[in-house]
Amino acid sequence: MPFVISQLKDEIELAAERAAVSRPLRESLLGQLARALARDADLTVLSQRLEAVLARGDAAHYRGARFQVGAGAEPANAVIDLGTVMPEQYALIGVDGSQALPDRHASVPWGLAKADAVCIVYGHPDGLTLSGAIQGRSFARFWDESALAANGREGEPMTPADISAERDLMEREHMATCAEMARAAGLPAFVIADGSLMPFALLNDAAWRGPGDRRAWEMLGRLSRALSRIKVAGAIPVGLIDRPNSNAVLRACAVGIGMSHDALPPGLVDRALYAQLLAPGQRGALFDPNWRVNDREHIGRDEHDLCAFYARMDGADPHANVVRVEVPRWATDPTTLDALTAVLARQTRIGAGYPFILKAAHEQAVFTRDEQAQVQRTIEAAFLRRGMTLTPSAKLSAKELR
């Protein structure tokens, strides 16, 4: 029976009504929270209240931002113009990935993850040739049925989350390879990932309880080695998150105005705050995302702990385009950040609101349905040449009879 959209009409209308009623309340609360980071705000109050939260027993449950303190630190309410000066010569590298997830109903289950890069070399007479050499070839990993089983957990084959985590790490490792190629060409490089530099699988605090999860530690080691390679190559690794939905800074603001950091309503996010605090072409202060994995016992032990900031990349567009940018702490000196934000602002302008280099990397990395079907046919042909009979599941066979 075809789906009838009218079945959902009442629920859709109710959802729209709830949103309409809650919007003024959210906007009012957002205005109150923004006072904690206003230009004339007393940051001593914010700092003291955050310290009090962190000193209490609920510090482990605080998921809000931590702002820098001390000499040379950017004040929490800092508003900084994006840079305008870029290096005369540099390599800009965008990295993205994709995957094909195992289908247990297929005649031969398999999985694949791949990472791809696109490079644009600026200011060099041999830029086109160098761009191709730096971006290199796709970096792919294939799992057959036995590999899926061997790399799974507790007797179960690899899950979609396992393959996605592997893809994230492959992207970071590919970033390192491209950075090394840029160094070999004598070029400074900005290596940009679509999304956080921290793989999602490592953000689960449960992985670090007690001695920690063995696989999580292995993943953390791979991430740290990739960041070390990038650092040695003299490149700047960047994670850019479009339309970010974190509320870490708002949680800090809640503490600053005397609210509980857990009292924020659903749908209130940091990008709405910075749409108010920033003008186009400005960024906010650096902050520590305050993930468990970002501390000195984990990624920070190799000095790769991450810092983040929000930036408004819109120009004439009437809608604020607030992005979140992540970099390792060792890449947060003012000169580096000015050059980085100048590069990102330029890429966003030519990419119609989203960095052109990341759009190109996505197009390069996508694993199309036609390509997946081609892999499936190649696998089946290889099995059939060896005299093996292939049978899809009864469910899949029945569906194909329609």
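Looking only at region 223-262, residues that are of a type in the set (Asp, Glu) and either within 15 Å of residue 65 (Cβ to Cβ) or modelled with pLDDT under 95 (or both) come to 1 in all. Any residue at all in region 200-208 that is modelled with pLDDT of 95 or more and in contact with a strand residue (DSSP E or B) (Cβ under 8 Å, 6 or more places away or on another chain)? Among the residues of region 200-208, not one is modelled with pLDDT of 95 or more and in contact with a strand residue (DSSP E or B) (Cβ under 8 Å, 6 or more places away or on another chain), which makes the answer no.
Taken over region 68-88, the criterion of being modelled with pLDDT under 95, more than 24 Å from the chain's Cα centre (by Cα) and surrounded by 12 or more Cβ atoms within 10 Å (Cβ to Cβ) is satisfied by 69, 73. Of the residues 288, 295, 333, the single one that is of a type outside the set (A, V, I, L, M) and crowded, with 16+ Cβ neighbours inside 10 Å is 288.
Rundown of residues vs (1) under 21 Å from the mean Cα position of the chain (by Cα); (2) of a type in the set (Gly, Ala, Ser); (3) modelled with pLDDT of 95 or more, yes/no style:
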| residue | (1), (2), (3) |
| --- | --- |
| 292 | yes, no, no |
| 324 | yes, no, yes |
| 360 | yes, yes, yes |
| 380 | no, no, no |
| 391 | no, no, no |
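Residue 182 meets all of the listed conditions (1) part of a helix (DSSP H, G or I); (2) under 22 Å from residue 96 (Cα atoms); (3) without any contact (Cβ under 8 Å) to a residue 60 or more places away in the chain; (4) touching a Gly at 6+ places or on another chain (Cβ under 9 Å) but one, namely (3). Quick one: would you say residue 96 is at pLDDT 95 or above, over 30 Å from residue 203 (Cα atoms) and of a type outside the set (A, V, I, L, M, F, W, C)? Judged against the criteria, residue 96 is not a match. Using the structure shown, decide if residue 282 is among the polar types (S, T, N, Q), farther than 30 Å from residue 127 by Cα and out of contact with any strand residue (DSSP E or B) (no Cβ under 9 Å at 6 or more places or on another chain). When the stated conditions are applied, residue 282 does not pass them. When each of 50, 29, 37, 82 is tested for being in contact with a Cys (Cβ under 7 Å, 6 or more places away or on another chain) and of a type outside the set (Asp, Glu), the lone residue that passes is 37.
So that you can scan it fast, the table gives a plain yes or no per residue for (1) under 13 Å from residue 191 (Cα atoms); (2) in contact (Cβ under 8 Å) with a residue 12 or more places away in the chain; (3) not aromatic (Phe, Trp, Tyr):
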site: 208; (1), (2), (3): no, yes, no
site: 220; (1), (2), (3): no, yes, yes
site: 226; (1), (2), (3): yes, yes, yes
site: 231; (1), (2), (3): yes, yes, yes
site: 235; (1), (2), (3): yes, yes, yes
site: 241; (1), (2), (3): no, yes, yes
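Take region 158-187 and flag every residue that is of a type outside the set (Val, Ile, Thr), over 22 Å from residue 234 (Cβ atoms) and out of contact with any Lys or Arg (no Cβ under 8 Å at 6 or more places or on another chain). Answer for region 158-187, where residues must be of a type outside the set (Val, Ile, Thr), over 22 Å from residue 234 (Cβ atoms) and out of contact with any Lys or Arg (no Cβ under 8 Å at 6 or more places or on another chain): 158, 160, 161, 164, 165, 168. Scanning region 276-309 for residues that are out of contact with any Asp or Glu (no Cβ under 9 Å at 6 or more places or on another chain) and closer than 15 Å to residue 228 by Cβ yields 300, 302, 303, 304.
For the condition in contact with a Lys or Arg (Cβ under 8 Å, 6 or more places away or on another chain), under 30 Å from residue 68 (Cα atoms) and surrounded by 14 or more Cβ atoms within 10 Å (Cβ to Cβ), what is the one hit in 355, 328? Step by step, each of 355, 328 is checked, and only 328 is in contact with a Lys or Arg (Cβ under 8 Å, 6 or more places away or on another chain), under 30 Å from residue 68 (Cα atoms) and surrounded by 14 or more Cβ atoms within 10 Å (Cβ to Cβ).
For region 163-218, the set of residues classified as of a type in the set (S, T, N, Q) and buried (at least 16 other Cβ atoms within 10 Å of the Cβ) consists of 164, 177, 196, listed by residue number.
Listed by position, the helices (runs of 4 or more DSSP H) enclosed by region 292-398 that each have at least 1 residues that are over 17 Å from residue 241 (Cβ atoms), among the small types (Gly, Ala, Ser) and free of Cβ contacts under 8 Å to residues at least 40 places away in the same chain are 369-385.
The values are calculated or read from the model by the stated rules, or taken from the named source; none is laboratory data. Since this is a predicted model, take the numbers as computed values, not measurements. Cβ sites come from the backbone with ideal geometry, for glycine too, and all protein chains shown count toward neighbours.
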